[in-house]
1. Tell me which of these residue 196 doesn't satisfy, since it passes every other one: (1) closer than 12 Å to residue 233 by Cα; (2) open to solvent by 10 Å² or more (accessible area, probe 1.4 Å); (3) in contact (Cβ under 8 Å) with a residue 40 or more places away in the chain.
2. Any chance segment 153-161 includes a residue that's under 23 Å from residue 271 (Cα atoms), at pLDDT 95 or above and of a type in the set (S, T, N, Q)?
3. Of all residues in segment 481-495 being at pLDDT 85 or above and part of a loop (DSSP other than H, G, I, E, B), which is most open to solvent (accessible area, probe 1.4 Å)?
4. Within segment 277-328, track down each residue that is assigned to a helix (DSSP H, G or I), within 14 Å of the ligand (Cβ to nearest atom) and farther than 24 Å from residue 250 by Cβ.
5. For segment 256-276, what are the residues that are within 16 Å of the ligand (Cβ to nearest atom), free of Cβ contacts under 8 Å to residues at least 60 places away in the same chain and part of a loop (DSSP other than H, G, I, E, B)?
6. Looking at (1) within 15 Å of the ligand (Cβ to nearest atom); (2) more than 30 Å from residue 224 (Cβ to Cβ); (3) in a helix (DSSP H, G or I); (4) not hydroxyl-bearing (Ser, Thr, Tyr), which one does residue 158 not meet, given that it meets all the others?
7. With 305, 295 as the choices, which residue is in contact (Cβ under 8 Å) with a residue 60 or more places away in the chain, in contact with a Pro (Cβ under 7 Å, 6 or more places away or on another chain) and open to solvent by less than 20 Å² (accessible area, probe 1.4 Å)?
8. Say whether the condition of being basic (Lys, Arg) and away from the ligand (no atom under 16 Å from the Cβ) is met by at least one residue in segment 214-229.
Amino acid sequence: MMNNQGRVTRIAASDAAVETFTGNRALMLEEPLLFERGSLENCGVDLPDVPVVQDRLAGLGRARVIGLPALSEPETVRHYTRLSRQNYGIDLGIFPLGSCTMKHNPRLNEKMARLPGFADIHPLQPQATVQGALQLIDTLATWLKTLTGMPEVAMSPKAGAHGELCGMLAIRAALEARGDARSVVLVPESAHGTNPATAAFCGYAVENIPANARGRVDVDALLARLGPDVAAVMITNPNTCGLFEPDMIAICEAVHAAGGFVYCDGANFNAIVGRVRPGDLGIDAMHINLHKTFSTPHGGGGPGSGPVVFSAALAPFAPLPFIRKVKDGFELVEEMQARQSKDHDRSFGRMVAFHGQMGMFVRALAYMMSHGADGLRLVAEDAVLNANYILASLKDVFTAPFAHTGPCMHEALFSDDFLDGTGLTTLDFAKAMIDEGFHPMTMYFPLVVHGAMLVEPTETESKASLDQLVGALRSLAARMLEAPDAFRTSPHMAPRRRLDETAAARKPVLGYRDAA
Ligand SMILES: *Cc1c(COP(=O)(O)O)cnc(C)c1O
């Protein structure tokens, strides 16, 4: 059945094992759009008639109702609860989305973030009334600087990609300050897609550096390309193949000798936290995804937070505001004060309206303090152990393009070569995983590998949970090779079948057209 926008709202008889009157399948309930369900007559409140008023809009007043989807309270609760049951989340099961670090968000963090002293404050409150919040941000900043071995941190960026923008703006400011008009940013193929996007957004020409057969940046190609036009190199480490880039120190030395800066995409810091300090490798700027490494909810669960650590060379160009310890407490240094100070007068300015994501700062610090320094090191070790368990358990049935180079870091990379001859691809495999009750892994990324499947189990999965995933993936692989036709239309049991994702992206229906 279609709604008035051509969207399927009911499962067609041929798709369902059993056709039901309601379209529901057992406890999986169908749910139309809010606009299809509600109407002003059913809003659950009896509003008095609007008295006749004198029209002062010169006839421009709205002539007909705007079609608000009014519902009663129980209908509203059911609508959103039914929709939420069609979703998959980290609290339901393993979420093996590579590069995204979908790990358990400890409830202790939630409890801390809801303390009224953190949750109910306003960014425009007088600083004397929010000293605890300022101290918390300062303490978190100290942890981040200590863990990374970097002297400065900007707390305000609101996501990983926003942090990249912050780091690249500081690099641009540093180059401009010395009158150096460099125009090129080098980005290895194994970098995250946000890296070239950020460099282009900052006005740089982006040049790719190839990956070598070991899934790492081709260092010779990188060094050969360095020169007076290269502003920076953006390297993701551990990279998007889930591998550590072992030549960082040599790369940083060469880039610095050529007058450029090194930006490191640190979104995968969860693989090395407590084991490697990026400052020791020589990098100049790196963002940290609090919502990945430090376990604050993301995706549908909450906003991100992407603080950026800086080397001494870039520290003077870091953005505002920042928090400074003063005689009897903490102060938030804003634009005007900083411009008049000696050490921050070259800041590139402000990135966000206020001071960053306070709720995420609380969660991240609660996570750090409850783990302690030794616990954070274990986080990285267990994340790497779990990913290697996946790699070792699947490499005989899947194609693991870099398994010959040794263990992986926090995620295991496969390609769909094992499906050759079946006409099935990574996409079919991912859709088949939905019928097994799993959120699919990351697909077709990184681009270095054809038909990539990137599995990041994270350290919060038990061995039993990993064994169940491995069992399901091995079973799927065997069944797909044996009877491929059954999988061309997977998923068969999900609330929605294969959607036309291209049409959804290219011709999205974003508004509701009033049927009347
Ligand atoms: C997630 C991720 C990003 C982007 O972070 P957002 O918070 O989604 O903007 C960048 N690089 C890598 C390697 C990532 O995994």
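1. Only one criterion in (1) closer than 12 Å to residue 233 by Cα; (2) open to solvent by 10 Å² or more (accessible area, probe 1.4 Å); (3) in contact (Cβ under 8 Å) with a residue 40 or more places away in the chain is unmet by residue 196, namely (3).
2. No: zero hits.
3. Applying the filter and picking the extreme gives 493.
4. 299, 300, 301
5. 276
6. Here residue 158 meets the rest and fails (3).
7. 295
8. yes
The values are calculated or read from the model by the stated rules, or taken from the named source; none is laboratory data. Just so it is clear, the model here is predicted, and its values are computed rather than measured. All Cβ positions, glycine included, derive from the backbone under ideal geometry; neighbour counts span all protein chains shown. Areas reflect the complete protein model, heavy atoms only, side chains present, ligands, DNA and RNA absent. Shrake-Rupley method; radii C 1.70, N 1.55, O 1.52, S 1.80 Å.
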